[in-house]
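Right, one structure below, let's go through it.
The values are calculated or read from the model by the stated rules, or taken from the named source; none is laboratory data. None of the values given here were measured: they were computed from a predicted structure. Every residue, glycine as well, gets a Cβ built from its backbone with ideal geometry; the counts of neighbours run over all protein chains shown.
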Amino acid sequence: MGRLLKYTCHVLHHPKLGALLDKALEFPWQQTLLDAFIEWRPDYLPGKINAAERAIAARFCEPTDLNEQIALEDALQTLHLLFSKDAARDRFTN
């Protein structure tokens, strides 16, 4: 486990990966989504998911262009698919 953890920390903090991710994030709220996706500590994951959901919800309340509207809907659906209680139950029962 220690080896995997060390590898994960190294990959997630690699400068080239950081630069690639910075270019891939089109909207500021996407950083909170990415933070939830890459969180590997179970104790921190609920807070990261909550932060991503709040950032998405806040953005839904403001006028956005069509591309951002689609990205928001996709992000919310992805959060639900990956982190809902039903998804967690399915992962552990199948």
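Quick notes
- ALA87 at pLDDT 85 or above and assigned to a helix (DSSP H, G or I): no
- Some residue of region 20-37 being of a type outside the set (Phe, Trp, Tyr), surrounded by 10 or more Cβ atoms within 10 Å (Cβ to Cβ) and either over 26 Å from SER84 (Cβ atoms) or modelled with pLDDT of 95 or more (or both): yes
- Filter result for ILE49 (modelled with pLDDT of 90 or more, of a type in the set (A, V, I, L, M) and farther than 16 Å from ALA71 by Cα): yes
- Residues in region 22-34 that are within 22 Å of GLN69 (Cβ to Cβ) and in a helix (DSSP H, G or I): LYS23, ALA24, GLN30, GLN31, THR32, LEU33, LEU34.
- Residues in region 48-84 that are assigned to a helix (DSSP H, G or I) and charged (D, E, K, R): LYS48, GLU53, ARG54, ARG59, GLU68, GLU73, ASP74.
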